[in-house]
Amino acid sequence: MPNLSSTVHHIPPSTGLSPEVRCAHDYERLAERCLAAPTHAYIAGGSGHDTTVAANRAAFAAWDICPRVLADVRHGHTRLALPGAADLAHPVMLAPVAYQTLAHPQGEMASAQAAEATHSGMLVSTLASHQLEDIARLAGPVRWFQLYLQPTREATLALLRRAEAAGYTAIVLTLDASIQVPSLRALETGFRLPAHAVAVNVDPQAMPVSEPLREGHSRIFQGVMQQAPRWDDLDWLLAQTRLPVWVKGVLHPNDARALQARGVAGVVVSNHGGRGLDGAPASLRMLSAVRETVGPAWPLLFDGGIRSGADVFKALALGADAVLVGRLQMYALSVAGALGVAHMLQLLRDELEICMAQAGCATLADIQGDCVLPLTTVFQARITSDADHH
Ligand code: FNR
């Protein structure tokens, strides 16, 4: 294991797997001991009052999973295919998370190793703290590049061409982070990005071309939002690359439908882990409406609040094809580097398979809406479809 910097960690993380980790969710608890309090608050927090962070987690508790008996799942597996991921072993992928050296000196390099070792897909952030080419060399075959539009189209194109040349197999354009209001909790701790957490792939010379605000102008509308992506930017991006382009940060079904019509490969139903609009609904709450709107075949990813295989199962039942894991990745990274992330991914996969087997689902396609039950509803069996099983 590498020599771990004392600036990031209170105590050196263990060199092996901690016996205290019995399930993927345990990494959240253990990370509190491994991360300095301000860093922990920055990662755990969302925006403003963290309302949406809490909503993301609470939404999972509103669903139960229905067990089934006597199902033959001996041929079971978790394989799937997505645009930019022809052959995925399982539906748990690493979300794009900026500045991973905050959690561990090896940052994204360690996450990439873990993704490769566990046959997991990895989404690499524009704001990664290692060179995107170096990360691509370590990540497995399913490596996607998460793109933030840069202040100029030349700068965006330069980043896109680097990602293509490095062998990334899809582009994921994140659209829900134009305005970033820090979490009040993180602000109170006085968190500042340390010197080692640098977005090394972003050209610091590419400055926004913004006019100075005039009398009566809004700091938001005529300020920050001058640089925010618009529909013509998306059309431009789609014309620049042959890679599948996904959009991340969609909650409204009408946005999903419009993106589908525009030729986007699929969307990530996400509220940026509660780091965008504070007060946005839990992404789980929007998932089935988005699925209904785009139809059964269009690819949908999901993130926001995943902490267990049961959470993964619920997201798949409500319409996702696969899920992304954000904070849990940083927590596992802080506890045990690449080994921790690999262990966390393996635990999530095991936990998902346990749910599948107990719910009578041999494949991901078997995980349908009637496998889960909202807490407030009386269950009504769909007798016709069930007859097929016997
Ligand atoms: C993020 N997220 C994010 N998303 C993105 O598209 N680009 C990025 O650079 C980042 N950076 C980032 C940093 C940190 C510290 C966090 C916690 C999150 C959002 C991320 O991809 C994902 O949407 C959420 O993290 C999902 O919620 P959970 O799994 O963290 O609950």
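Quick note: the coordinates plus some simple rules give every number you see, no bench work behind them. Computed from a predicted model, the values in this text were never measured in an experiment. Heads up, the Cβs are rebuilt from the backbone with ideal geometry, glycines too, and the neighbour counts pull from every protein chain shown.
Taking a ≥ b ≥ c as the square roots of the eigenvalues of the Cα gyration tensor of the range 88-221, is the shape rounded (a/c under 1.5), prolate (a/b larger than b/c) or oblate?
Verdict is prolate for the range 88-221.
Springs between alpha-carbon pairs under 10 angstrom, Gaussian network model over the chain: which of His343, His77, His217 fluctuates most?
Highest fluctuation among the options: His217.
Listing Val312, Val53, Val269, Val181 from the residue with the fewest other Cβ atoms within 10 Å to the one with the most, what is the order?
Ordered by Cβ neighbours within 10 Å, fewest first: Val181, Val53, Val312, Val269.
For Trp298, Trp236, Trp246, what's the fewest-to-most ordering of other Cβ within 10 Å of each Cβ?
Going from least to most buried by this count: Trp236, Trp298, Trp246.
Please rank His90, His75, His196, fewest neighbouring Cβ atoms within 10 Å first, as an exposure proxy.
Placing the least packed residue first, the sequence is His75, His196, His90.
Quote the FRET efficiency, to the nearest 0.05, computed for Ala37 versus Val224 with a Förster distance R0 of 25 Å and r equal to the Cβ-Cβ distance.
Efficiency for this residue pair is about 0.30.
Can you figure out the FRET efficiency of Ala86 with Gln180, using R₀ = 45 Å and their beta-carbon distance, to the nearest 0.05?
0.85
Would you be so kind as to identify all helices of the chain, as entire DSSP H runs, whose Cα atoms reach 20 Å or more along the helix's own axis and whose mean Kyte-Doolittle hydropathy is at least 0.5?
Within the chain the helices that satisfy the rule are 327-358.
Of the candidates Leu328, Leu238, Leu173, which one comes out as most mobile in a Gaussian network treatment of the chain with C-alpha springs shorter than 10 Å?
In this elastic network of the chain, the residue with the biggest mean-square fluctuation among Leu328, Leu238, Leu173 is Leu238.
Find how much the distance from Ala381 to Ala297 grows on full extension, using 0.36 nm per residue of separation minus their present alpha carbon separation; answer in nm with one decimal.
In short, 27.8 nm is gained.
Over the chain, calculate the relative contact order: mean separation of alpha carbon pairs under 8 Å at least 6 apart, over the residue count, as a percent.
About 27 percent, as a whole number.
Based on Cβ point charges of +1 for Lys and Arg and -1 for Asp and Glu, what charge dipole magnitude is obtained for the chain about its Cα centre, in debye rounded to the nearest 20?
260 debye
For Cys66 paired with Gln358, estimate the spin-label separation in nm (one decimal), with each label point 7 Å from Cα along the Cα-to-Cβ line.
Each label point lies 7 Å from its Cα, and together they span 1.7 nm.
Apply the Debye scattering formula to the chain, with a single equal point scatterer on each alpha-carbon and no solvent, then give log10 I(q)/I(0) at q = 0.06, 0.10, 0.13 Å⁻¹.
At q = 0.06, 0.10, 0.13 Å⁻¹ the computed log10 ratios are -0.23, -0.64, -1.10.
Residue separation times 0.36 nm, minus the C-alpha to C-alpha distance between Asp203 and Ala155: what's the value?
16.6 nm
Which longest run of the chain has no exposed loop site in it, a site being GluC sites (Glu not before Pro) in a DSSP loop with at most 15 other beta carbons within 10 Å, and the site itself not part of the run?
21-214
Can you find, among Pro38, Gln346, Leu234, the residue sitting farthest towards the positive end of the charge dipole of the chain, where Lys and Arg contribute +1 and Asp and Glu -1 at Cβ?
The listed residue farthest towards the positive side: Pro38.
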